[in-house]
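Report on one structure; see the data block that follows.
The values are calculated or read from the model by the stated rules, or taken from the named source; none is laboratory data. All figures in this text were calculated on a predicted structure; none of them were measured in a lab. Virtual Cβ from ideal backbone geometry, glycine too; neighbours counted across all protein chains shown.
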Amino acid sequence: MRNRIFGAIGVVWGAAIVVNTFLRGGPQGSGAYAAGQVGALVFAVLLVIVGGYYLLKGGQKLGK
C-alpha cells in the first residue's frame, strides 16, 4: 500500500512539473540555467513513469 501511495505522489508531482514546464514555453535562458531546466524536465518524466509503475504494480507480493 505504501508503494502505491508514493507512486501516486510521484505521478502527481512529476505531471505538475511537466505541465508547468510546457505552460511556460519550455526551458528558458541559456547555458547552465537551461541545462538545469532540461534536467528537471527529464527528472519529472522519470517521476511519472516510475510513479505510474508503482501505482499500478505496487501492491503485488513477490512470488517464491
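In table form, for the structure just shown:
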quantity	calculated
Condition check for Ile17: surrounded by 14 or more Cβ atoms within 10 Å (Cβ to Cβ) and not polar (S, T, N, Q)	yes
So Gly7, is it part of a helix (DSSP H, G or I), of a type outside the set (A, V, I, L, M, F, W, C) and modelled with pLDDT under 95	yes
Close pairs from segment 14-34: first in contact (Cβ under 8 Å) with a residue 24 or more places away in the chain, partner among the β-branched types (Val, Ile, Thr), Cβ under 7 Å, at least 6 apart	Gly14/Val45; Gly14/Val48; Ala15/Val48; Val18/Val45; Val18/Val48
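Here is a yes/no grid of residues against (1) of a type in the set (Gly, Ala, Ser); (2) part of a helix (DSSP H, G or I):
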site	(1), (2)
Ala16	yes, yes
Asn20	no, yes
Gly29	yes, no
Gln37	no, yes
Ile49	no, yes
Tyr53	no, yes
